[in-house]
1. Being hydrophobic (A, V, I, L, M, F, W, C) and over 15 Å from PHE74 (Cα atoms) narrows it down to one residue among ALA30, ALA11; which is it?
2. Somewhere in the range 44-63, is a residue in contact with an Asp or Glu (Cβ under 9 Å, 6 or more places away or on another chain), without any contact (Cβ under 8 Å) to a residue 12 or more places away in the chain and acidic (Asp, Glu)?
3. Filter the range 34-80 down to the residues that are of a type in the set (Ser, Thr, Tyr) and open to solvent by 30 Å² or more (accessible area, probe 1.4 Å), then identify the one that is farthest from the chain's Cα centre (by Cα).
4. Output the residue which, of all residues in the range 14-32 that are charged (D, E, K, R) and open to solvent by 100 Å² or more (accessible area, probe 1.4 Å), is nearest to ILE60 (Cα to Cα).
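The values are calculated or read from the model by the stated rules, or taken from the named source; none is laboratory data. Small disclaimer: the values here were computed from a predicted structure and weren't measured. Using ideal geometry, Cβ is built from the backbone for each residue, glycine included, and neighbour counts are taken over all protein chains shown. Please note that ligands, DNA and RNA were not included when accessible areas were found on the heavy atoms of the full protein model with its side chains. Shrake-Rupley method; radii C 1.70, N 1.55, O 1.52, S 1.80 Å.
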Amino acid sequence: MQRFLDRLNDATTREVLDRLVETLQARQEAVYEMLKRLDVNGDGQLDRSEIRRGLLEMRIALTSSELDSVMNAFDASGDG
């Protein structure tokens, strides 16, 4: 678990996650509901394009480096 928490210690990742939490709170949407909605192909996994598209729909635009930071934090296997 500590390795995951270390990956969240990146300032960019924290900033993006803070923006996401604020958006979810404003929309009164639970994290599970958001993740399920983002999983467009229904395979139970979120790839880079699903995350980018879903965040854009939520009006959270990320730079490539911000998306990289989030992907690195949550994609432990590195397979995207």
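1. ALA30
2. no
3. Filtering first and then ranking leaves SER77.
4. Restricting to residues being charged (D, E, K, R) and open to solvent by 100 Å² or more (accessible area, probe 1.4 Å), the top hit is GLU22.
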